Amino acid sequence: MTPNQPQATQGFAPGGRPEPRHRFQTARAALAPGQQAAAAAAVIDPVIALAAAVGAEVVCGFHAVRGELDPGPALGALRRAGCVTAYPRIDGESMVFCAVDDPATMRPATLGIPAPAADLPAIEASSIDLVIVPLVSFDDQGNRLGMGGGYYDRTFSGPRSPVLVGLAHDLQRSPRLRAESWDVPLDAVITPTAIWRYRFGR
């Protein structure tokens, strides 16, 4: 696979793309609890292997909502292996990451999604080695369709960025997504059945 590599820029203008977004959200939300649990278990070893391959000591994840593939079991395994795990918190138009030892301590915040407490200090961006990124869809070139807020694109649009790894159900794959100038492409995507490598370890 030799994917194209769209270039991200500093600017961001929220994109619409409502039809594919709704279609993929509906499909993943329709998965049964047993399917969701099996998917979360299936990605544990690939996540650990990829983190080890880049020598990751600080790994950022997210709290899964609305049918997203849950990275919680994989993040728990990384903590037991000695990694620092962090979760995002929205501060206005910005997103920061805070180290969290026990995800149960997080409380509903923006959009009702659990996030680190407001008094927890943010991790320096330069110390982050790998980020597990939520997505609505991904394509064969490493493009990502998110929720449309642009938080991940703004946060990681600079010249130095950690390894960005999307986590998705297989049914979220699209042959080709429209890449906007502000979209930051993924380095890899992990699904329950495959690892898609775009800019990492080819």
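Bear in mind that the values in this text are calculations on the coordinates, not laboratory data. In this text, all values refer to a predicted model and were calculated from it rather than measured experimentally. As a convention, Cβ positions derive from the backbone with ideal geometry for all residues, glycine included, and neighbour counts pool all protein chains shown.
Which GluC sites (Glu not before Pro) in the range 65-133 pass both tests, a DSSP loop state and at most 12 other beta-carbon atoms within 10 Å? Please report the intermediate quantities before stating the final value.
Numbers: sites: GLU68, GLU93, GLU124; in loops: GLU68, GLU93, GLU124.
Those satisfying the criteria are GLU93, GLU124.
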Over the chain, the sum of -39500 (n - 2.57) across DSSP H runs of at least four, divided by residue number and rounded to 500 deg cm²/dmol, gives at 222 nm -6500 deg cm²/dmol
Build a GNM of the chain with springs between Cα atoms under 10 Å: which of ILE132, ILE90, ILE44 gets the top mean-square fluctuation?
ILE90
Can you grab the distance from the C-alpha centre of the range 31-62 to the C-alpha centre of the range 152-182, Å, no decimals?
17 Å
Gaussian network model of the chain, Cα springs within a sub-10 Å range: biggest mean-square fluctuation belongs to which of THR191, THR105, THR85?
THR105
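Kindly provide the trypsin sites (Lys or Arg not before Pro) of the range 82-160 that DSSP labels as loop, not H, G, I, E or B, and whose Cβ sees at most 13 other Cβ atoms within 10 Å.
Filter output for the range 82-160: ARG160.
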Any idea what the relative contact order of the chain is, in percent, if you count C-alpha pairs under 8 Å spaced at least 6 apart?
27 percent
With charges set only on the Cβ (+1 for Lys and Arg, -1 for Asp and Glu), what does the dipole of the chain come to about its Cα centre, in debye to the nearest 20?
480 debye
Along the range 153-160, what does the Karplus equation 6.51 cos²θ - 1.76 cosθ + 1.60 (θ = phi - 60°) give for ³J(HN,Hα), rounded to whole Hz, x for Gly and Pro?
5, 5, 5, 10, 8, x, x, 10
Apply the Karplus parameterisation 6.51 cos²θ - 1.76 cosθ + 1.60, with θ equal to phi minus 60°, to every residue of the range 99-114 and state each ³J(HN,Hα) to the nearest whole Hz, in sequence, with x for glycine and proline.
5, 9, 7, 10, x, 5, 7, 6, 10, x, 9, 4, 6, x, 7, x
Compute from the Cα atoms of the chain the Rg and the Dmax, the latter being the longest Cα-Cα distance, and quote both in angstrom.
15.6, 44
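Just rank PHE24, PHE97, fewest to most, by other beta-carbon atoms within 10 angstrom. Provide the component values of the computation, followed by the final result.
Working: PHE24 22, PHE97 26.
Starting with the residue having the fewest Cβ neighbours, the order is PHE24, PHE97.
Figure the gain on full extension for ALA53 and ALA29 (residue separation times 0.36 nm, minus the Cα-Cα span) and round it to one decimal in nm. Intermediate values should be presented prior to the final figure.
Values: separation 24, 0.36 × 24 = 8.64 nm, distance 3.16 nm.
That pair, ALA53 and ALA29, stretches by 5.5 nm at full extension.
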